[in-house]
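Below is one structure, written out as structure tokens; comments come after it.
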Amino acid sequence: MPPASARRRTSILPSSVPVVVSPCTIMAAPSSDGIGIANLPNQRHKIVAKHGAHFTIMVVGESGLGKTTLINTLFSTELSPSKNYSRRHYKQLDKLTEVEIIKAELEEKQFKVKLTVIDTPGFGDYVNNRDSWSPIVDFIDDQHEAYMIQEQQPQRSEKSDLRVHACLYFIRPTGHTLKPLDIEIMKRLGTRVNLIPVIAKADTLTQNDLFAFKQRIRDVIAAQNIRIYSPPIEADDEAAAEHARILLEAIPFSIIGSTEDVQTPDGRVVKGREYLWGVAEVENEDHCDFRKLRSLLIRSYMLDLISTTEESHYENYRQQQMETRKFGERKVKKFNNPKFQEEEEQLRKRFTEQVKAEEARFRQWEQHLITERDRLNKDLEMAHSAIKQLEAELDNLQVGYGRGSGRR
């Protein structure tokens, strides 16, 4: 028999009696080192440092806006060679937006990041850009779909994840406002991915023109209810909150991309572009917002971009699909490729033209047959009239011949 101090009293409540558990906070007993709860962030840091991170970024915009150059500048390495856009017009007949995947593993201070860059060559390069956003939107949805299917499998240890964590949309520096194509695709992207608009080649605009251009873009984004990524403002960290406000005020980011080293008039060697009037420095905040964009994407909010994709965009897609489909049921794939749609329209138009030509020829032959029928009917009536006239003449002759025979 255990001592009284060690006895447990167990009472069994009837199933009909509700049990209410009240949450409470238990403070650890004071000691010199505590019980170790405060060490959990260090444990988390070790886990993240061991496994590294996986980050997927998509770049969308017309050809020649420096998408590849900016990615190479952001990660200080040549992830993709620069493309020769002087021959891009030779592919005008294709009229197809492509999706290219570039993978790389970056390491800094023994921390590794598996980087995936999604490029979209061909977008916006044609006179008729209708539905040119479909391959891009379909790719984003397909990655959510593929990840959801993998989560439903019995074995989930080797999951492939290409969900897009951030999408940089490149705006041509026209100095006017967003084009209808920009508005249409930004609306579609903003509901699926963390959308970050950037003004490409900002060194082609003056500071005043750039400021006015930014304001017009913000007005259009607000008027069209386009969702863009906003860094979280933490109330308990004033420095971080102020940094987030600065980044938010800079959107859309004005960007200068360059991987070349140039020398400034004061002798410094920097990344930038050299002009007759001086040097446009990539990392000079008086010249562009490159450092702010890098802080948003990498230094300050990369994990927030990843978690927002997981907890918001992916969950929204998953919820929508689970409400309309049975568990494990495959998504019905709609083949709405713009290239195939245009070919189908051309074939339909050609078929319609051929049908119209055949109908016109048929009506012409029908009219010819009607005319020929009328002519034959008229000839037949004339022949009948001639026969009747001959018969009448024959009757007259017979009557006259009978009278002559009677007289004799």
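The values are calculated or read from the model by the stated rules, or taken from the named source; none is laboratory data. Note that the structure is a prediction, hence the values are computed from the model and not measured. Neighbour counts run over all protein chains shown; Cβ positions are idealised from the backbone, glycine included. Please note that ligands, DNA and RNA were not included when accessible areas were found on the heavy atoms of the full protein model with its side chains. Shrake-Rupley method; radii C 1.70, N 1.55, O 1.52, S 1.80 Å.
Would you confirm whether or not region 214-223 contains a residue that is farther than 25 Å from HIS287 by Cα and not charged (D, E, K, R)? Yes.
Determine whether ILE183 is under 23 Å from TYR301 (Cβ atoms), outside any loop (DSSP other than H, G, I, E, B) and without any contact (Cβ under 8 Å) to a residue 60 or more places away in the chain. Spelling it out, it is not the case that ILE183 is under 23 Å from TYR301 (Cβ atoms), outside any loop (DSSP other than H, G, I, E, B) and without any contact (Cβ under 8 Å) to a residue 60 or more places away in the chain.
For (1) touching a Lys or Arg at 6+ places or on another chain (Cβ under 7 Å); (2) under 30 Å from MET148 (Cβ atoms); (3) not assigned by the TED database to the domain that holds ASP141, each residue gets a yes or a no:
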residue: LEU248; (1), (2), (3): no, no, no
residue: GLY272; (1), (2), (3): no, no, no
residue: LEU276; (1), (2), (3): no, no, no
residue: VAL282; (1), (2), (3): yes, no, no
residue: SER295; (1), (2), (3): no, no, no
residue: THR324; (1), (2), (3): no, yes, no
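Taken over region 212-254, the residue count meeting the criterion of being in contact with a strand residue (DSSP E or B) (Cβ under 9 Å, 6 or more places away or on another chain) and farther than 14 Å from ILE196 by Cα is 1. Among the residues making up region 147-173, those that are more than 26 Å from THR68 (Cβ to Cβ), of a type outside the set (Ser, Thr, Tyr) and open to solvent by 10 Å² or more (accessible area, probe 1.4 Å) are ILE149, GLN150, GLU151, GLN152, GLN153, PRO154, GLN155, ARG156, GLU158, LYS159. Pairing each residue of region 118-129 that is assigned by the TED database to the domain that holds LEU162 and modelled with pLDDT of 75 or more with any residue that is among the acidic types (Asp, Glu) and surrounded by fewer than 19 Cβ atoms within 10 Å (Cβ to Cβ), provided the two are 6+ apart or on different chains, yields C-beta distances under 6 Å for ASP119/GLU100; PRO121/GLU98. Just one of (1) surrounded by 12 or more Cβ atoms within 10 Å (Cβ to Cβ); (2) at pLDDT below 90 fails for ILE306. It is (2).
From the set of residues in region 150-171 that are polar (S, T, N, Q) and out of contact with any helix residue (DSSP H, G or I) (no Cβ under 8 Å at 6 or more places or on another chain), which is modelled with the lowest pLDDT? That would be SER157. Of all residues in region 78-117, exactly one satisfies the criterion of being modelled with pLDDT under 80, under 22 Å from VAL137 (Cα atoms) and hydroxyl-bearing (Ser, Thr, Tyr), namely THR97. Condition check: assigned by the TED database to the domain that holds GLY61 and more than 28 Å from THR259 (Cβ to Cβ). Does GLN207 satisfy that? No.
Picking from residues in region 249-296 that are within 30 Å of the chain's Cα centre (by Cα) and of a type in the set (Ser, Thr, Tyr), the one that is surrounded by the most Cβ atoms within 10 Å (Cβ to Cβ) is SER254. Inside region 270-311, residues that are within 18 Å of ILE251 (Cβ to Cβ) and outside any loop (DSSP other than H, G, I, E, B) make up a count of 14. Against the definition (outside any loop (DSSP other than H, G, I, E, B), open to solvent by 90 Å² or more (accessible area, probe 1.4 Å) and modelled with pLDDT under 85), how does GLN346 come out, yes or no? Yes; evaluated as a whole, the condition is true for this residue. Of the residues making up region 46-56, not a single one is surrounded by 14 or more Cβ atoms within 10 Å (Cβ to Cβ), modelled with pLDDT of 80 or more, over 16 Å from ASP161 (Cα atoms) and touching a Lys or Arg at 6+ places or on another chain (Cβ under 7 Å).
Of all residues in region 174-226, those being aromatic (Phe, Trp, Tyr) and farther than 21 Å from GLY66 by Cα number 0. Could you list, in sequence order, all residues of region 189-228 that are touching a Pro at 6+ places or on another chain (Cβ under 9 Å) and in a strand (DSSP E or B)? ILE196, PRO197, VAL198, ILE199 - these are the residues of region 189-228 that are touching a Pro at 6+ places or on another chain (Cβ under 9 Å) and in a strand (DSSP E or B).
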